[in-house]
Each structure stands twice: as C-alpha cells, then as structure tokens.
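See below for the structure under consideration.
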Amino acid sequence: MSSSKTQIQSYRVEYGLETVKMWRRSFQRAMGLEEQNRLSELVAQLDYFSTIEPASIRVAVETENAAIVGMMVLSGSALDHLYIDVDYQGCGLGSRFLRLAKEESPAGIELYTFQKNRGARNFYESHGFVEIERGFADDQSNPWATRKDELADIRFRWAPDVSYV
C-alpha cells in the first residue's frame with residue numbers, strides 16, 4: 001500500500017473501534033502473537049483508549065476507503081503509541097508520523113518499546129532515537145505476557161543535535 005493515499009488528521013471518537021482493531025493487529029503481529037479480536041479484550045482496550053486525551057491522538061486515514069491505517073499518541077514529549085496497520089508498514093507512514101512528532105515536540109521525544117520488537121527498535125534507531133534505559137513494563141497493562149522477559153522494554157530518546165554517548 002502507499003502512504004501517499006493516506007491523510008494524517010486529528011482523532012475523532014467515531015474512529016475508536018477501528019483504531020483499536022488496527023492497533024491490536026499491528027501489536028499482535030509485531031510481538032509474534034496470534035491475531036485475534038476477542039470481544040472482551042476489544043472492549044477493555046477500547047475502554048483504555050477512551051481514557052487518552054483525544055487531542056493527543058492523530059490517525060492516518062486511507063483516502064480511498066476511509067480506513068484507519070495508523071495512529072500516534074503524543075503527549076508533550078512522550079510518544080506513548082505509534083502503530084501502523086500491518087498492510088501499510090514499510091511505506092513511509094511511520095516516518096511521516098515521526099516527522100510530525102518531531103515538529104510538535106522539537107526539544108525532544110521519549111518513548112518505550114519492547115525489546116522483543118526488533119522491527120520497532122530498528123525503526124526508531126534509524127530515525128535518530130537512542131536507547132537510554134532498559135527495564136520491565138507494568139504487567140497490569142500487559143495481560144498477554146506470561147513471562148517477565150516478555151515485558152522487557154527499552155526507553156528511547158530523540159533530541160535534535162544531541163549525543164547520548
């Protein structure tokens with residue numbers, strides 16, 4: 001798919017369910033999990049998603065069919081979420097979101113990703129993010145994890161013209 005046929009825009013509440021489904025599919029694929037959308041899990045994630053300040057959410061909408069194909073949550077300097085639909089990965093959409101994030105937070109951005117998610121790690125590093133810490137995510141927000149190593153995360157930082165050596 002082509003990212004040129006997508007438009008990044010502000011989130012609207014009616015995008016909620018489609019955004020969560022895209023988010024889950026992308027996450028499940030990145031983490032090597034079985035792709036599924038159990039109703040109880042969808043409802044729980046939609047409830048969580050509804051607690052995020054809508055003004056901090058941007059979505060990528062496919063212009064031909066109005067499908068949600070990406071989303072970013074940027075709260076100040078914290079990039080809390082960046083997910084691209086699996087069929088749209090590798091076409092520049094994530095880079096477009098990061099350029100927007102850097103414009104909106106020019107002093108710097110921090111984010112977490114799972115150590116297990118090599119694709120995300122490579123992506124962020126290729127955009128100037130530097131690893132600054134390793135740790136473990138909160139298991140309360142990650143019920144799919146069955147072992148502590150599945151929760152291992154990495155904190156990354158980007159700042160213009162800064163070296164973290």
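For the chain, what is the accessible area per residue in Å² when the probe is 1.4 Å?
On the way: 9040 Å² over 165 residues.
Here the residues of the chain average 55 Å² of exposed surface.
Between Arg99 and Lys5, the simple spin-label model (points 7 angstrom out along Cα→Cβ) gives 2.0 nm.
Put a plus charge on the Cβ of each Lys and Arg, a minus charge on the Cβ of each Asp and Glu, and nothing anywhere else: the dipole of the chain about its Cα centre is then about 280 debye. Note on Arg155 and Glu14: the model spin-label points, each 7 Å out from Cα along the C-beta direction, lie 4.0 nm apart. Our summary gives the chain a relative contact order of 20 percent, counting only alpha carbon pairs under 8 angstrom and 6 or more residues apart.
Counting only protein chains, not ligands or nucleic acids, how are Ile132, Ile52 ordered by accessible area (probe 1.4 Å), most first?
On the way: Ile132 55, Ile52 20 Å².
From most accessible down to least: Ile132, Ile52.
Helix-derived [θ] at 222 nm for the chain: sum -39500 (n - 2.57) over DSSP H runs of at least 4, divide by residue count, nearest 500? Helix contribution divided over all residues of the chain: -9000 deg cm²/dmol.
Sorted into 5 angstrom bins from 0, the C-alpha pair distances of the chain split as 1, 8, 17, 21, 22, 18, 9, 3, 1, 0 percent. The heavy atoms of Arg134 present about 120 square angstrom of accessible area, all protein chains included, probe 1.4 Å. Note on Leu33 and Asp80: the extension gain reaches 14.8 nm, defined as 0.36 nm multiplied by sequence separation minus the Cα-Cα distance. For the chain, the carbon plus sulfur part of the accessible surface works out to 50%, probe radius 1.4 Å.
The values are calculated or read from the model by the stated rules, or taken from the named source; none is laboratory data. All values derive from a computational prediction rather than experimental measurement. Positions of Cβ are backbone-derived with ideal geometry, glycine not excepted, and every protein chain shown enters the neighbour counts. SASA here: full protein model, heavy atoms, side chains in, ligands and nucleic acids out. Shrake-Rupley method; radii C 1.70, N 1.55, O 1.52, S 1.80 Å.
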